[in-house]
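Written out below as structure tokens is the structure these notes cover.
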Amino acid sequence: MDFKFAPASRAALAELSCDALIVIVTGDASSQGLDGALAQQLKDALAQKDFQLKAGRTLYLHRPQGVKAPRVVLAAAADAGPKALRAALGNAAGVLKNSGAKHVAVAPAAGAALTAEHAEAVVAALADASYVYRHTKPSAPPAAGPARVSLLGEKADAKAVQQGLARGQAIAAGVTLARECANRPGNHCTPSFLAEQARSLAKEHGLKVEVLDRKAVEKLGMGAFLAVSQGSEEPLRFIVLRYDGAPRTQAPVVLVGKGITFDTGGISIKPAAEMDEMKFDMGGAASVLGTFRAVAELKPRINLVGVIPACENMPDGRAVKPGDVVTSMSGQTIEILNTDAEGRLILCDALTYVERFKPAAVVDIATLTGACVVALGNLRTGLFCADDELAEALLDSGRQAQDLAWRMPLDEEYEEALKSNFADMGNVGGRAGGAITAAMFLRKFTSKYRWAHLDIAGTAWKGGGAKGATGRPVPLLTHFVLGQAR
Ligand code: BES
Ligand code: MN
Ligand code: ZN
């Protein structure tokens, strides 16, 4: 899908040539800035009660009289902001889904200047509407989106819009990559598959990549990561990606993604219901790959490191058992009270490993706890961060990208729950505050740098009829990385 800015006035939309024209409307009938045949069509549709100016409503007009475009979709939005634009466009794309329109023109609502965020919202809505997972279902009809999209607006807004379209398209490519990886079942998306994805990404975009195997991980002393992987026949991988966009002397931003390619729970095995969804337990890893995809295209002046500990969590005769004590790379010992709290075990060693980069900031991304889903549902990602400035930068990136997060607490009193009589810490607290105690566990490995943790258990995928990966939080992370560049 190719997106371009096109200068056009709303009053002259009836004369525009394209295969389909999407007109976003908001407010009341008198404030649409339309003229001629289109104004007439809208007035008539409202009078006949075939259309209402209520967010969510759409009306399809086929070869409307006096309008050059053979297809017109009127789509009502809640207001003239980017969020409402994204929602209304999603609805309009649904209406056009099985049409033959190849070139679609989008006329955003009157009444507000177009910003980069509007442009990003347009790309996100249309890319999202046209994504189809086909890798293991080739019978699914291929993506049916338009080949060309023109975003119409005033000349004065051209620069901001063009910037937003470029950013939006890079993010969309990153989101698609993340979805493609995460949607693959566990027998396809293995730790080795993630490593291959990193390798081909590096090759295509001139990134550096290094992949460590079990022997190298043993040498590093990653006892916690090794303990999780030891029940699986599938070999572990520890993946390190680098994008060098700034002088070597500039401290890098580091992203660490949880790469559990399937989480059975191990010996503390999960119930059967919905266990299939634990193929998405590498959503953090997928978001790191997706963010590198976007960043490699946008080329900001920054150094970025991506680290992905990847393995399966399986029950086995050799699997780690409740009560086993392991020594992490940091030297701290951990009593593994529940083998299903495996994410924090692979992450803690990765968080120690990244000390060597002397990072400006480290952000880990993980489908870490069911408790986070209970706390925040599926709308907002949980953000844990003791540094106010870093926390605000991440929250703001989420707002800009329409990929929201919510800050959660990290008071030291929560650490109490992790006490163990047999090791420096246990790997679980009680049921209460489960997302927070998980973050407190990670915090014990992050004293050497500025750190934030994103719990994406509720946001990385959707369940139910629309089951599938969302590609979140690639938009948030990409905005964050761009914002950290100098
Ligand atoms: N991958 C899961 C977290 C998860 C569960 C995400 C359900 C989304 C939906 C994680 O490894 C896990 O099993 N966490 C346990 C921790 C508990 C044993 C302290 C959980 O949340 O139940
Ligand atoms: Mn688990
Ligand atoms: Zn897990």
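General remarks:
- Dipole axis of the chain (+1 Lys, Arg; -1 Asp, Glu on Cβ), positive-most option in 303, 372, 45: 45
- Helices that extend 27 Å or more along their long axis by alpha-carbon positions and average at least -1.0 on the Kyte-Doolittle scale are, among the DSSP H runs of the chain, 158-183.
- Among 479, 165, 468 the positive-end extreme of the charge dipole of the chain (Cβ point charges): 165
- What segment 175-484 shows is 39 Å² of accessible area per residue, with the surface traced by a 1.4 Å probe over protein heavy atoms.
- Atom-type composition of the exposed protein surface of the chain places 49 percent of the accessible area on carbon and sulfur (1.4 angstrom probe).
- Under 17 Å from the Cα of residue 49 - aspartates and glutamates, other chains or at least 8 residues apart: 28
- Under the Karplus curve 6.51 cos²θ - 1.76 cosθ + 1.60, θ = phi - 60°, whole-Hz ³J(HN,Hα) for segment 446-455, x wherever Gly or Pro sits: 10, 6, 8, 7, 6, 9, 9, 10, 10, 8
- Computed from the C-beta positions of residue 83 and residue 192, the FRET efficiency with R₀ = 25 Å rounds to 0.05.
- In the chain, the calculated helix contribution to ellipticity at 222 nm averages -11000 deg cm²/dmol per residue, counting -39,500 (n - 2.57) for every DSSP H run with n ≥ 4.
- Set of lysines near residue 159 by C-alpha distance (under 19 Å), chain-local residues within fewer than 8 positions excluded: 4, 299
- Filter on 358/448; 137/279; 97/155 - keep pairs with C-alpha separation over 18 Å: 97/155
- Dipole moment magnitude, nearest 20 debye, segment 2-152 about Cα centre, only Lys, Arg, Asp, Glu C-beta charged: 440
- Coupling constants for segment 369-377 follow from the phi torsions by the Karplus curve (6.51 cos²θ - 1.76 cosθ + 1.60, θ = phi - 60°), and in residue order they are 9, x, 4, 5, 5, 5, 6, 10, x Hz; glycine and proline get x.
- Set of segment 312-331 residues, backbone N closer than 15 Å to the point 7 Å along the Cα-Cβ line of residue 269: 313-322
- Cβ charges +1 (Lys, Arg) and -1 (Asp, Glu), total dipole of segment 175-484, debye: 840
- Were the residues from residue 65 through residue 113 laid out at 0.36 nm apart, the gain over their Cα-Cα distance would be 14.3 nm.
- Rounded if a/c under 1.5, otherwise prolate or oblate - the chain, Cα gyration tensor axes: prolate
- Residue 312 long-range amide H proximity, modeled H, under 5 Å: 261
- Among 75, 100, 87 - extreme Cα towards positive end, dipole of segment 1-133, charges at beta-carbon: 100
- The simple spin-label model puts a point 7 Å past each Cα toward its Cβ; for residue 421 and residue 133 those points are separated by 4.5 nm.
- Computed from backbone phi, the HN-Hα couplings of segment 302-308 come to 7, 9, 10, 10, x, 10, 10 Hz, rounded to whole numbers (Karplus: 6.51 cos²θ - 1.76 cosθ + 1.60, θ = phi - 60°; Gly and Pro given as x).
- Amide H contacts of residue 25 (H built 1.01 Å from N, in plane; Pro and chain starts excluded): 75, 76, 77 sit under 5 Å, all sequence-distant by 5 or more or on other chains.
- For the chain, the relative contact order comes to 14 percent (Cα pairs under 8 Å, sequence separation of at least 6).
- For segment 2-152, the solvent-accessible area of protein heavy atoms averages 47 Å² per residue (probe radius 1.4 Å; ligands and nucleic acids excluded).
- Span from the segment 409-430 Cα centroid across to the segment 240-305 one, whole angstrom: 26
The values are calculated or read from the model by the stated rules, or taken from the named source; none is laboratory data. For clarity, every value in this text was computed on a predicted model and none was experimentally measured. Cβ coordinates were reconstructed from backbone atoms using ideal geometry, including for glycine residues, and neighbour counts include every protein chain displayed. Surface areas here come from the heavy atoms of the whole protein model, side chains and all, with no ligands, DNA or RNA. Shrake-Rupley method; radii C 1.70, N 1.55, O 1.52, S 1.80 Å.
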